[in-house]
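This report concerns only the one structure given below.
The values are calculated or read from the model by the stated rules, or taken from the named source; none is laboratory data. Because the structure is a prediction, the values reported are computed rather than measured. Quick reminder, even Gly has a Cβ in these numbers, built from the backbone with ideal geometry, and neighbours come from all protein chains shown. The accessibility values were calculated without ligands, DNA or RNA, using every heavy atom of the protein model including side chains. Shrake-Rupley method; radii C 1.70, N 1.55, O 1.52, S 1.80 Å.
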Amino acid sequence: VRPKYACSKKHGIQQAESPPSPVPGGRFDFGLVAQVVTSKTADHIPFYRQQDILARSGLELSRSTLCDIMAGAARLLAPLAALLRQRLLESGWLGADDTPVRLLDGNHPEGVRTARFWLFRGLASARYNVFDFHESRSRDGPAEFLKTFRGWVKVDAYGVEGGVYLGSGERIRASCCLAHARRKFDEAKSSQPTLAAEALAFFGQLYDIEDRAGDFSAEARRALRQGEALPVLTKLRAWFDEQGKQALPKSRFGEALGYLRNQWTALTNYVQDGRLPIDNNATERDLRALTIGRKNWLFIGSPEAGPRAAIVYTVVASAARHDLDVWAYLRDALQRLAIGESDLTQLLPDVWAAAHPESIRAYRGREREARANSQRARRQRRRALARAATRR
């Protein structure tokens, strides 16, 4: 509400200037904009459901207005997303994975085509999740994103076979996900249960070593891997070389062996650097934040909406990774960006969390710790049973 005042001295009519708004010409407070963005990207509520939710509170907004609100938020958040991207690319270690999304296209015969969202997940030195949108799965997308990157990328086999790293020389080094290789042997249990179990036992030993190295420094983890994981990998290599002589190449077991053989160097690179995870499971898990929403909002409305969605998902996913109250974080970040915040580092999720401990969802950390403790206990019991069986 901005009252107008007429001056009795005939100095005209005065009215306070409009406060900064996320949507040019809009009447929306930053709290409402943060609510719309949080509902869409963190709570996975599409706009048509948000219309009903807002209407219950007496606010009727059209779907096009909600789209304008999202676009305005993306415009304000773009510099912050760019800083997150810069910090990630400077870190030297990241995980990468992609997922398809339907893109509306009036020029396409079917009216819709497949586009991709890529997630680039930073490790401990840059704990940010950066999304990138591309209209195809060609190597040009990630290659463009990583054109200034120098270091290790944790990726599945497509990242290598698809040529993402072609032309990068030694600038980008691929470390393939060991969980992908293990998964193929798990799928082969129905046809070759005994041999698949032998392979899975090797992977079990490798993951047991990772369990013990959970709280180690990078150097200590590398030393443990060099001392204990390398011998296991050497035995695994000898085992699958022998099995490959008689396995049918087109069988599930043969395909699992072929995957190991073709990606062996990239699969075993993780022992060279203690900062690298053994698999890319964390990236796949964080990518689900988008895939769950995709089941609800179904498609990207236009080629222009894809990059805007990537900006918003980058900021929201990075905040969620730091266990922040996403709404509180977005409301403050949007308001400070709208008035021209000059020091964007203060809006980085980790920096903002340190200044706003009341907005950290501490229960998330406790839940993760409980799950990790439960998993470690199960693996310890399994190892104890294996040792007991060996002694018998």
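Just to check your reading of the model, which residue among 140, 132 is touching a residue at least 60 places away in the same chain (Cβ under 8 Å), on the phi < 0 side of the Ramachandran plot and open to solvent by 20 Å² or more (accessible area, probe 1.4 Å)?
Working: 140 fails: touching a residue at least 60 places away in the same chain (Cβ under 8 Å).
Matching residue, one of 140, 132: 132.
Any idea which residue in the range 139-160 is farthest from residue 278 (Cα to Cα), counting only those that are modelled with pLDDT of 80 or more and among the β-branched types (Val, Ile, Thr)? Lay out the reasoning, then the answer.
From the range 139-160, those modelled with pLDDT of 80 or more are 142-156; that's our starting set.
Filter once more, so that each one left must be among the β-branched types (Val, Ile, Thr): 148, 153, 155.
Details: 148: 25, 153: 12, 155: 11 Å.
By that ranking, first place goes to 148.
Output the number of residues of the range 283-324 satisfying the condition of being out of contact with any Pro (no Cβ under 8 Å at 6 or more places or on another chain) and aromatic (Phe, Trp, Tyr).
The total comes to 2.
Within the range 285-295, restricting attention to residues that are of a type outside the set (A, V, I, L, M, F, W, C) and either outside any helix (DSSP H, G or I) or open to solvent by 40 Å² or more (accessible area, probe 1.4 Å) (or both), which residue is farthest from residue 135 (Cα to Cα)? Break it down stepwise before answering.
First pass over the range 285-295, keeping only residues of a type outside the set (A, V, I, L, M, F, W, C): 285-286, 288, 291, 293-295.
Then keep just the ones that are either outside any helix (DSSP H, G or I) or open to solvent by 40 Å² or more (accessible area, probe 1.4 Å) (or both); that gives 285, 288, 294-295.
Details: 285: 23, 288: 20, 294: 16, 295: 19 Å.
Across the range 285-295, the extreme among qualifying residues is 285.
Of the residues that make up the range 191-202, is at least one within 26 Å of residue 256 (Cβ to Cβ), part of a helix (DSSP H, G or I), of a type in the set (D, E, K, R) and open to solvent by less than 70 Å² (accessible area, probe 1.4 Å)? So that I can check it myself, show each step before the final result.
Filtering the range 191-202 for residues within 26 Å of residue 256 (Cβ to Cβ) gives 191-202.
Next, from what is left, pick out any that are part of a helix (DSSP H, G or I): 193-202.
Among the residues that remain, those that are also of a type in the set (D, E, K, R) are: 198.
Next, only the ones that are open to solvent by less than 70 Å² (accessible area, probe 1.4 Å) stay: none.
Looking for residues that are within 26 Å of residue 256 (Cβ to Cβ), part of a helix (DSSP H, G or I), of a type in the set (D, E, K, R) and open to solvent by less than 70 Å² (accessible area, probe 1.4 Å), one finds none in the range 191-202, hence no.
On the basis of being over 18 Å from residue 83 (Cα atoms), among the charged types (D, E, K, R) and touching a His at 6+ places or on another chain (Cβ under 9 Å), does residue 325 make the cut?
yes
What's the total number of residues in the range 82-97 that are within 17 Å of residue 320 (Cα to Cα) and crowded, with 22+ Cβ neighbours inside 10 Å?
Count: 2.
Mind listing whichever residues of the range 99-129 are small (Gly, Ala, Ser) and either surrounded by 15 or more Cβ atoms within 10 Å (Cβ to Cβ) or in a strand (DSSP E or B) (or both)? Talk me through it step by step, then tell me what you get.
Step one: of the range 99-129, the residues small (Gly, Ala, Ser) are 106, 111, 115, 122, 124-126.
Across the range 99-129, the qualifying residues are 115, 122, 126.
Can you pull out every residue in the range 242-272 that is touching a Ser or Thr at 6+ places or on another chain (Cβ under 8 Å) and among the charged types (D, E, K, R)?
Answer for the range 242-272, where residues must be touching a Ser or Thr at 6+ places or on another chain (Cβ under 8 Å) and among the charged types (D, E, K, R): just 252.
Could you pull out the residue among 267, 233, 260 that is closer than 21 Å to residue 210 by Cα, in contact with a Phe, Trp or Tyr (Cβ under 7 Å, 6 or more places away or on another chain) and not charged (D, E, K, R)?
Working: 267 fails: in contact with a Phe, Trp or Tyr (Cβ under 7 Å, 6 or more places away or on another chain); 233 fails: in contact with a Phe, Trp or Tyr (Cβ under 7 Å, 6 or more places away or on another chain).
Every option except 260 fails the conditions.
Hey, among the residues in the range 318-344 that are outside any helix (DSSP H, G or I) and not hydroxyl-bearing (Ser, Thr, Tyr), which one's least open to solvent (accessible area, probe 1.4 Å)?
Of the residues in the range 318-344, the ones outside any helix (DSSP H, G or I) are 322-325, 339-343.
Within this subset, residues satisfying the condition of being not hydroxyl-bearing (Ser, Thr, Tyr) are 322-325, 339-341, 343.
Numbers: 322: 24, 323: 19, 324: 0, 325: 62, 339: 118, 340: 54, 341: 54, 343: 61 Å².
Here the residue is 324.
What's the number of the condition residue 342 fails, among (1) of a type outside the set (Asp, Glu); (2) at pLDDT below 95; (3) in contact with a helix residue (DSSP H, G or I) (Cβ under 8 Å, 6 or more places away or on another chain)?
(3)
Does at least one position in the range 336-352 carry a residue that is among the β-branched types (Val, Ile, Thr), touching a residue at least 12 places away in the same chain (Cβ under 8 Å) and under 30 Å from residue 136 (Cα atoms)?
Just the residues of the range 336-352 that are among the β-branched types (Val, Ile, Thr), to begin with: 339, 345, 351.
From what's left, touching a residue at least 12 places away in the same chain (Cβ under 8 Å): 339, 345.
Filter once more, keeping what is under 30 Å from residue 136 (Cα atoms): none.
Looking through the range 336-352, none of the residues is among the β-branched types (Val, Ile, Thr), touching a residue at least 12 places away in the same chain (Cβ under 8 Å) and under 30 Å from residue 136 (Cα atoms).
Given the range 29-98, what helices (runs of 4 or more DSSP H) lie entirely inside it while holding 3 or more residues that are hydroxyl-bearing (Ser, Thr, Tyr) and within 20 Å of residue 333 (Cβ to Cβ)?
It comes to 30-41.
Could you grab me the full set of residues in the range 44-62 that are closer than 18 Å to residue 300 by Cβ and surrounded by 15 or more Cβ atoms within 10 Å (Cβ to Cβ)?
Of everything in the range 44-62, those that are closer than 18 Å to residue 300 by Cβ and surrounded by 15 or more Cβ atoms within 10 Å (Cβ to Cβ) turn out to be 44, 45, 46, 47, 49, 50.
With 65, 38 as the choices, which residue is modelled with pLDDT under 95, among the β-branched types (Val, Ile, Thr) and under 23 Å from residue 298 (Cβ atoms)?
Numbers: 38 fails: modelled with pLDDT under 95.
Within the list 65, 38, the selection yields 65.
Restrict the check to the range 214-235 and report whether at least one residue is under 17 Å from the mean Cα position of the chain (by Cα) and either open to solvent by 10 Å² or more (accessible area, probe 1.4 Å) or within 30 Å of residue 42 (Cβ to Cβ) (or both).
As a first pass, look at the range 214-235 and keep what is under 17 Å from the mean Cα position of the chain (by Cα): none.
No, the conditions are met nowhere in the range 214-235.
Across the range 297-315, what is the number of residues that are in a helix (DSSP H, G or I), open to solvent by less than 40 Å² (accessible area, probe 1.4 Å) and either in contact with a strand residue (DSSP E or B) (Cβ under 9 Å, 6 or more places away or on another chain) or modelled with pLDDT under 95 (or both)?
8
Name the residue that is farthest from residue 84 (Cα to Cα), counting only residues in the range 345-392 that are open to solvent by less than 70 Å² (accessible area, probe 1.4 Å) and hydroxyl-bearing (Ser, Thr, Tyr).
Top of the filtered list is 374.
Conditions: (1) buried (at least 19 other Cβ atoms within 10 Å of the Cβ); (2) within 26 Å of residue 51 (Cβ to Cβ). Residue 71 meets all but one. Number of the miss?
So residue 71 meets the others, but not (1).
Among 232, 164, 271, which is the only one that is modelled with pLDDT under 90 and not hydroxyl-bearing (Ser, Thr, Tyr)? Break it down into steps so the answer makes sense when it comes.
Values: 232 fails: modelled with pLDDT under 90; 271 fails: modelled with pLDDT under 90.
Going through 232, 164, 271 in turn, the sole match is 164.
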